[in-house]
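A.B. asks: Can you read through this structure? Questions will come right after.
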Amino acid sequence: MAATVVSDSILRNDADGPVPVNGGLGTDSYYNHSFFQKIAANVAKDMIDEAITKKLDVKSLLSSSSTIRLADLGCAVGPNTFDAMQNIIDIIKQKYQSQFPTSPIPEFQVFFNDQPTNDFNTLFKSLPPKREYFAAGVPGSFYGRLFPDSSLHVVYSSYSLHWLSKVPKGLEDKNSPAWNKGKIHYASAPEEVLRAYATQWANDLNDFLNARAQEIMPGGIIVVITHSIPDGMEYAELANGMMYNCMASILLDIAKRGLISEEQVDAFNLPTYAPPPAEFVSVAENNECFNIVTMGESNPSPWLTDDVHVDMNEFVSHIRAAMEGMFFKHFAREIVNEMFEQLEVKLSEISVEMESAYKDKIQAYYVLQRNYSG
Ligand SMILES: C[S@@+](CC[C@H](N)C(=O)[O-])C[C@H]1O[C@@H](n2cnc3c(N)ncnc32)[C@H](O)[C@@H]1O
């Protein structure tokens, strides 16, 4: 029998996609500034645990193998991925033990996926020494195939699927109705810009689900936690919308001082989109390979009480750790440093509005199950 050639047509190289988070363990690293993403994932934890416990039929998944295989897609460098993977393993173990108290616990394998330029060295060096799983790294875009047919049981992806595979078409073209002049994101942008982002995101999610439909065994589960926006709300009303607008206005001010050109600002757009739940449901339902087992919206903010305020220095550090690479790819280092320094000052001036906007439900979670047929 001829071996399958795993070609570029299924393995995608999204070279124009987002630049990975800051690597290493230093003061500007994602490792040390991913606390917000950790809190965010914890907010949805109980509902997700319950859905996995109810729906995952471990016995039938193990009919063809004695190993449970998990994948974290968009795992970054840690440490959040380690907690997430251990949590899912704990749930599966508990369920298995309660159903089959005398059977030996299955073995687990965890695949850590991210873009090829992610700092996998930091990830592997930080693996928990007492982990209960075999670990492997899988570089590549999760918008294409990453694994063999029917080889996975549980896929998890947190705060990664709001990253598009590329900047949407037309945003940087003067002759396009979606030209995003003077902005770096769709917050406060014309309707055509929003539509270009939404279309790109829907195509990307569809590619993601098509790839996973091949890779996940019937009955297997996908858990998605993602940045979101309540249906019908404008992005500029969210704290992150205020932030993207501040970033654009700082860059335009720097352009007025002649340090960069306005064209440079016009030619920069962040490939990130917060899908309203209705858009997620529409793509997932059209796909037909998965059922939505449970979903919900939540507020991941650590600033829900009046006496806890945004520490703007930490807030900007966490944004830098996740996103500054994208700015460095386009602007000189001094410009990016100045932009983030000014950002902290400007956001501190509007911290009351930011905190109030952070009370919105800007996170959604979804648990999808691979159909047994189709
Ligand atoms: C904000 S981090 C979230 C990391 C981690 N899941 C957490 O919750 O801390 C988003 C990660 O998604 C990765 N990512 C974005 N697009 C991707 C793609 N198409 N394929 C694989 N990874 C991707 C980025 O490189 C980044 O490491």
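A.B. asks: Identify all residues within region 131-149 that are open to solvent by 20 Å² or more (accessible area, probe 1.4 Å) and over 20 Å from A15 (Cα atoms); write none if there are none.
C.D. replies: Answer for region 131-149, where residues must be open to solvent by 20 Å² or more (accessible area, probe 1.4 Å) and over 20 Å from A15 (Cα atoms): R131, E132, F134, A135, A136, P148, D149.
A.B. asks: Give just the number: which of (1) without any contact (Cβ under 8 Å) to a residue 24 or more places away in the chain; (2) in a loop (DSSP other than H, G, I, E, B); (3) under 21 Å from L194 (Cα atoms); (4) not charged (D, E, K, R) does V281 not satisfy?
C.D. replies: (2)
A.B. asks: Continuing with this model, one more query. Test of understanding: among D114, D119, D149, D83, which residue is in contact with a helix residue (DSSP H, G or I) (Cβ under 8 Å, 6 or more places away or on another chain) and closer than 19 Å to P20 by Cα?
C.D. replies: D114
A.B. asks: Taking region 34-72 as the region of interest, how many residues are open to solvent by 60 Å² or more (accessible area, probe 1.4 Å), at pLDDT 90 or above and touching a helix residue (DSSP H, G or I) at 6+ places or on another chain (Cβ under 7 Å)?
C.D. replies: Residues flagged as open to solvent by 60 Å² or more (accessible area, probe 1.4 Å), at pLDDT 90 or above and touching a helix residue (DSSP H, G or I) at 6+ places or on another chain (Cβ under 7 Å) within region 34-72 amount to 1.
A.B. asks: Hey, any hits in region 275-293 for a residue that's open to solvent by less than 10 Å² (accessible area, probe 1.4 Å) and within 16 Å of the ligand (Cβ to nearest atom)?
C.D. replies: The answer is yes; a qualifying residue exists.
A.B. asks: Exactly one condition in (1) among the charged types (D, E, K, R); (2) open to solvent by less than 20 Å² (accessible area, probe 1.4 Å); (3) touching a helix residue (DSSP H, G or I) at 6+ places or on another chain (Cβ under 7 Å) is false for D204; which is it?
C.D. replies: Unmet for D204, out of (1) among the charged types (D, E, K, R); (2) open to solvent by less than 20 Å² (accessible area, probe 1.4 Å); (3) touching a helix residue (DSSP H, G or I) at 6+ places or on another chain (Cβ under 7 Å): (3).
A.B. asks: Another one. Could you go through region 296-310 and let me know if any residue there is touching a Pro at 6+ places or on another chain (Cβ under 7 Å), within 25 Å of N22 (Cα to Cα) and part of a strand (DSSP E or B).
C.D. replies: no
A.B. asks: Of the residues that make up region 119-130, is at least one over 15 Å from L152 (Cβ atoms), among the hydrophobic types (A, V, I, L, M, F, W, C), assigned to a loop (DSSP other than H, G, I, E, B) and open to solvent by less than 50 Å² (accessible area, probe 1.4 Å)?
C.D. replies: Among the residues of region 119-130, at least one is over 15 Å from L152 (Cβ atoms), among the hydrophobic types (A, V, I, L, M, F, W, C), assigned to a loop (DSSP other than H, G, I, E, B) and open to solvent by less than 50 Å² (accessible area, probe 1.4 Å), which makes the answer yes.
A.B. asks: State the number of residues belonging to region 351-371 that are touching a helix residue (DSSP H, G or I) at 6+ places or on another chain (Cβ under 9 Å), surrounded by fewer than 16 Cβ atoms within 10 Å (Cβ to Cβ) and not small (G, A, S).
C.D. replies: Within region 351-371, residues that are touching a helix residue (DSSP H, G or I) at 6+ places or on another chain (Cβ under 9 Å), surrounded by fewer than 16 Cβ atoms within 10 Å (Cβ to Cβ) and not small (G, A, S) number 2.
A.B. asks: For the subset of region 150-195 comprising residues that are open to solvent by 20 Å² or more (accessible area, probe 1.4 Å) and of a type in the set (A, V, I, L, M), which member is farthest from the chain's Cα centre (by Cα)?
C.D. replies: In this case the residue turns out to be A189.
The values are calculated or read from the model by the stated rules, or taken from the named source; none is laboratory data. Since the model is a prediction, treat every value here as computed from it, not as a measurement. As a convention, Cβ positions derive from the backbone with ideal geometry for all residues, glycine included, and neighbour counts pool all protein chains shown. The accessibility values were calculated without ligands, DNA or RNA, using every heavy atom of the protein model including side chains. Shrake-Rupley method; radii C 1.70, N 1.55, O 1.52, S 1.80 Å.
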